[in-house]
Amino acid sequence: MTDKQPIVVMKGITIEFPGVKALDGVDLRLFPGEVHALMGENGAGKSTMIKALTGVYKINAGTIVVDGKPQQFNGTLDAQNAGIATVYQEVNLCTNLTVGENVMLGHEVRGPLGINWKKTHEAAKQYLAQMGLENIDPRTPLSSISIAMQQLVAIARAMVIDAKVLILDEPTSSLDANEVQDLYKIMRKVRDSGVAILFVSHFLDQIYEICDRMTILRNGRFIKEVMVKDTPRNELIGMMIGKSAEELSQIGAKKARRAVDAGEKPIVSIKQLGKKGTINPVDLDIYGGEVVGFAGLLGSGRTELGRLLYGADKPDAGGSYELKGKTVSISDPYTALKNKIAYSTENRRDEGIIGDLTVRQNMLIALQATRGMLKPIPKKEADEIVAKYMKELNVQPPDPDRPIKNLSGGNQQKVLIGRWLATHPDLLILDEPTRGIDIGAKAEIQQVVLDLAEQGMGVVFISSELEEVVRLSDNIEVLKDRHKIAEIENGDTVSQQTIVDTISNTTISTGKEA
């Protein structure tokens, strides 16, 4: 343990909403010069705790002390004035402004005639240099730089307020491996300057690589504060979910591969289906009861192929699409739904949930669309559908009339899966269904995928995590640079390395292994 005094002490924090106690006497200490992980399943209270520290939520009980001074935050400005800065998972920047304007927003250098833009951009350049972005012109439009660089711009903006505490909420969810390492360099630099960093991530590898200390929450309660180096992973998982690692390993573990019978017809068969500039022509068969994984690096064409199957992108002429042996034209999502093909987007927030609607409304909206707005779903049937999938998918809290925006990410994902299951699809396309959710919810969704296949549904499983693709899939379609380069029949000898080797050893120009 350290002799340093904590920069933040949150003691006995309790936050209540109508009908639910989101936090129940939770403690948190943040030390200067440390990266501190806030761990727990979705719904454990991590986001609520962050919102208490940033002034978004008022606490019902407990105390907050920052740098030795008791605080009573009445809003986010109070928290910022106390030195609390936050960079959220979805970068909260203004893409219509320049990089420098984003960095200095609200802290522009002013002169007798108003904002001195020359000095404002000069100041921004200094903060950008601290983030390793000295080569970026502050006058560059923010929209023209990558998401990874926007993350660093957001951190630079946080440093403008001379932050004592920097909160990074899922900052790596949209970054590739190299970009994550670049972010780590900046985090270490900020940490070594004496700032306390509160880090939230669902990737355990990242926690163990970058963090010094952890606080574990479960069901809105404080479980334990531990040092990362002293805590084995199985012990951490056990504290997070209230189960042993052995119990968890039984969830989402595929028992046997689906064998295709001789003469069996696929649910979907596409030949040379593609879209210029998006995905090169692909051949693919998907059978009922089969999980087909799409694997590849970012930009490989995984999502683009899924969207093509669903009609979200209209394919070029020349390819063919057969559904249960009959040639069809799937050129828009409505036609796909009518043909019992469903697609759950990777962009849960912007293209999936409708935040201001209830769980019930979100779950029923696709089924209602297939029937038309002049044929409303009878209340009894609607209640039965919602109750069925709330129970089967273990949506928490089990209140269908709660706005979906108030649910955790994992539970929002379950509602979206319930939305598509309500349409009784023959083919369900799941694009990154476990991204950004906790270990427990991830295992539950993986088990749902296997259960659906067991019931005879065809499932396309798209994921950037090769481990879960290998664990769940019967067949794996490997993509690279918007080409399908291989189809791997899964088995005991197939591993993540098999996919990596396939990608690295395949040359797109010839379509053959190098």
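General observations
- Flag for Asn394 being of a type in the set (S, T, N, Q), assigned to a helix (DSSP H, G or I) and not assigned by TED's automatic domain parsing to the domain that holds Arg302: no
- Filtered residues of the stretch 335-352 (kept if within 26 Å of the chain's Cα centre (by Cα) and part of a helix (DSSP H, G or I)): Ala336, Leu337, Arg348, Arg349, Asp350, Glu351, Gly352
- Looking across the stretch 368-401 at every residue that is touching a Gly at 6+ places or on another chain (Cβ under 9 Å) and of a type in the set (A, V, I, L, M), the one that is farthest from Leu357 (Cα to Cα) is identified as Leu393.
- Conditions (1) of a type in the set (S, T, N, Q); (2) in contact with a strand residue (DSSP E or B) (Cβ under 8 Å, 6 or more places away or on another chain); (3) under 21 Å from Met457 (Cα atoms): number failed by Ser300: (3)
- Of all residues in the stretch 134-169, those satisfying the criterion of being surrounded by 21 or more Cβ atoms within 10 Å (Cβ to Cβ), under 18 Å from the mean Cα position of the chain (by Cα) and not in a helix (DSSP H, G or I) are Ile167, Leu168.
- Residues of the stretch 23-48 satisfying the condition of being hydrophobic (A, V, I, L, M, F, W, C) and crowded, with 22+ Cβ neighbours inside 10 Å: Leu23, Val26, Leu28, Leu30, Val35, Ala37, Leu38, Met39, Ala44
- Residue that is surrounded by the fewest Cβ atoms within 10 Å (Cβ to Cβ) [pool: residues in the stretch 409-468 that are among the polar types (S, T, N, Q) and assigned to a loop (DSSP other than H, G, I, E, B)]: Gln455
- Residue that is touching a Phe, Trp or Tyr at 6+ places or on another chain (Cβ under 9 Å) and farther than 30 Å from Leu97 by Cα, where the choices are Arg157, Arg233: Arg233
Here's the yes/no breakdown for (1) surrounded by fewer than 21 Cβ atoms within 10 Å (Cβ to Cβ); (2) in contact with a strand residue (DSSP E or B) (Cβ under 7 Å, 6 or more places away or on another chain):
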{"site": "Tyr57", "(1), (2)": "yes, yes"}
{"site": "Ile64", "(1), (2)": "no, yes"}
{"site": "Lys69", "(1), (2)": "yes, no"}
{"site": "Gln72", "(1), (2)": "yes, no"}
{"site": "Thr76", "(1), (2)": "yes, no"}
{"site": "Gly83", "(1), (2)": "yes, yes"}
{"site": "Asn96", "(1), (2)": "yes, no"}
{"site": "Asn102", "(1), (2)": "no, no"}
{"site": "Gly106", "(1), (2)": "yes, no"}
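- Taking the stretch 216-332 as the region of interest, the strands (runs of 3 or more DSSP E) fully inside it that hold 3 or more residues being modelled with pLDDT of 95 or more and closer than 27 Å to Gly25 by Cα are 221-227.
- Residue within the stretch 370-386 that is over 20 Å from Val268 (Cβ atoms), in contact (Cβ under 8 Å) with a residue 24 or more places away in the chain and surrounded by 18 or more Cβ atoms within 10 Å (Cβ to Cβ) present: yes
- Just one of (1) buried (at least 20 other Cβ atoms within 10 Å of the Cβ); (2) without any contact (Cβ under 8 Å) to a residue 12 or more places away in the chain; (3) of a type in the set (Asp, Glu) fails for Asp501. It is (1).
- Scope the stretch 124-167; condition among the small types (Gly, Ala, Ser) and either on the phi > 0 side of the Ramachandran plot or not assigned by TED's automatic domain parsing to the domain that holds His36 (or both); matching residues: Gly132
- Qualifying residues in the stretch 408-440 (those that are under 20 Å from Thr358 (Cα atoms) and among the basic types (Lys, Arg)) - the one modelled with the lowest pLDDT: Lys414
- If only residues of the stretch 107-164 that are basic (Lys, Arg) and touching a residue at least 40 places away in the same chain (Cβ under 8 Å) are counted, the one that is nearest to Leu175 (Cα to Cα) is Arg157.
- Leu113 falls short on exactly one of the conditions (1) surrounded by 19 or more Cβ atoms within 10 Å (Cβ to Cβ); (2) modelled with pLDDT under 85, and that condition is (1).
The values are calculated or read from the model by the stated rules, or taken from the named source; none is laboratory data. All of these numbers come straight from a predicted model, not from anything done at the bench. Here the Cβ is made from the backbone with ideal geometry for all residues, glycine too, and neighbour counts use every protein chain on show.
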